[in-house]
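Values in this text are rule-based calculations from the coordinates and carry no lab data. Worth saying up front: this structure is predicted, and the values here are computed from it rather than measured. FYI the Cβ positions are ideal-geometry reconstructions off the backbone, even for glycines, and counts take in every protein chain you see.
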Amino acid sequence: MTKTKKLIKILGVSFIDTTLQQLVERLHDSIIHNKKRFVVTANPEIVMNANKDEEYMKDIQKADYVTADGIGIVKAAQLLKTPLPERVSGYEIMLELLKLANQNSYKVYFIGATEDTLHKTIQNVERDYENLEIVGSQNGFFDWSDDQITQKIIKAEPHIVFVALGAPLQEKWISKHIHLFDKGIFIGIGGSFDVIAGTVKRAPVLWQKANLEWLYRIIKQPVRIKRSIAIPQFILQVFKEKLKGTSKE
Ligand code: UDP
């Protein structure tokens, strides 16, 4: 049975109305049926970038699933009276997919981060998920036009390709290369390798529960402050969209 997907549109980006578990079930189903899937885990910064960069918006529109990565997206959906059930972050999807891969001995490929972080990520994944098969890896600082690298990934026939190049690079890489593959889940997961490798810590649970993970990241990595300007811009745009909507009611 094919499940229909309900979409919630926020500033031109169509989010899937899903919980983490429902999404993982869909992705598992896609793997079983040798389908190809492109997953974007979008936060307010990604939505704002897509609104400024037409090509990037087109890349995101190619995705099969765009999930709400960040409390900002969940709150915006609420404000627009089209609520989403929960936050579905790239890091959490990655952990669930690793579990799934471990249970089914799926083949996974890692693309992204520095060589050192990538190496530590692989070590930790091999330690914690003994049954999955890591069929290859590539650090995130490579020449995209190097056909040998692309061919290496294609030949490995991975069930899941984790792309941790950060936004917007990861979505652009997937959008540009996915047509070369016959099957596989392709997902952009930002700084998740840094968390798995232990080079960056996730916010303590209390901060996560208080929906303040974004603030924790800014405090820990102050270089992010410049990028965080997208958050107030996003809120402003969502309010404008809401006003447009209510004036039509
Ligand atoms: N990165 C990469 N190639 C690049 C630029 C960045 O592999 O050309 C990696 C970087 O090492 C880090 C990740 O992409 O591991 C970006 O993490 P960040 O937390 O900035 O991404 P976000 O979650 O904000 O998209």
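Excluding Lys5 itself, what net charge comes from residues whose Cβ is under 11 Å from its Cβ, given Lys and Arg +1 and Asp and Glu -1?
Around Lys5, the charge tally is +1.
Only residues of segment 74-107 count here: report those whose backbone N is under 19 Å from the spot 7 Å along Cα→Cβ of Glu126, or say none.
Only 98-99, 101-103, 105-107 pass the distance filter.
Set Lys and Arg Cβ to +1 and Asp and Glu Cβ to -1, take the dipole of the chain about its Cα centre, and tell me which of Pro85, Gln221, Gly188 lies farthest positive.
Farthest along the dipole direction, towards plus: Pro85.
In debye to the nearest 20, how big a dipole does segment 105-232 give about its Cα centre with +1 on each Lys and Arg Cβ and -1 on each Asp and Glu Cβ? Each step should come with its number before you reach the end.
Numbers: 16 positive and 14 negative charges, 139 e Å.
With only Lys, Arg, Asp and Glu charged at Cβ, the dipole is about 660 debye.
R0 = 35 Å: FRET efficiency of His179 with Lys240, Cβ-based, nearest 0.05? Mind showing how you got there, number by number?
Working: r = 36 Å, r/R0 = 1.02.
After rounding to 0.05, the efficiency reads 0.45.
Tell me, what is the FRET efficiency for Lys81 and Phe141 to the nearest 0.05, using R0 = 45 angstrom and their Cβ-Cβ distance as r?
It comes to 0.55.
List, in the order given, every pair from Lys9/Lys75; Lys58/Lys172; Lys52/Lys226; Lys99/Lys209 whose Cα-Cα distance in the structure shown is over 19 Å.
Flagged as over cut-off: Lys99/Lys209.
Shape of segment 207-249 from its Cα gyration tensor (a ≥ b ≥ c, root eigenvalues): rounded if a/c is under 1.5, otherwise prolate when a/b > b/c, or oblate? Intermediate values should be presented prior to the final figure.
Values: a/c = 8.08, a/b = 2.18, b/c = 3.71.
Because a/c hits 1.5 or more and a/b fails to exceed b/c, segment 207-249 counts as oblate.
With a ≥ b ≥ c taken as the square roots of the eigenvalues of the C-alpha gyration tensor of segment 7-248, please select rounded if a/c is under 1.5 and otherwise prolate if a/b is larger than b/c or oblate if it is not?
Taking the square roots of the gyration eigenvalues as a ≥ b ≥ c, segment 7-248 is prolate.
Please give the length that would be gained between Ile229 and Thr4 if that part of the chain were fully extended, namely 0.36 nm times their separation in residues minus their C-alpha to C-alpha distance (nm, one decimal). Intermediate results must be reported in sequence, preceding the final value.
Numbers: separation 225, 0.36 × 225 = 81.00 nm, distance 3.55 nm.
My answer for the length gained is 77.5 nm.
Net charge near Val74, counting Lys/Arg +1 and Asp/Glu -1 over other residues with Cβ under 9 Å of its Cβ?
The answer is +1.
Tilt of helix 20-32 relative to the longest C-alpha principal axis of the chain, in degrees (0 to 90, nearest 10)?
Roughly 40 degrees, rounded to the nearest 10.
Quick query: amide H of Leu165 versus all other amide H atoms, modeled in the peptide plane; which residues come in under 5 Å with a sequence gap of 5 or more or a different chain?
Gln170, Ile189, Gly190
How much net charge surrounds Glu171 when only the other residues with a Cβ under 13 Å from the Cβ of Glu171 are counted, with Lys and Arg +1 and Asp and Glu -1?
-2
Let me know the charge dipole size of segment 7-248 about its Cα centre in debye, to the nearest 20, where only the beta-carbon of Lys, Arg (+1) and Asp, Glu (-1) is charged.
Its charge dipole is roughly 1000 debye.
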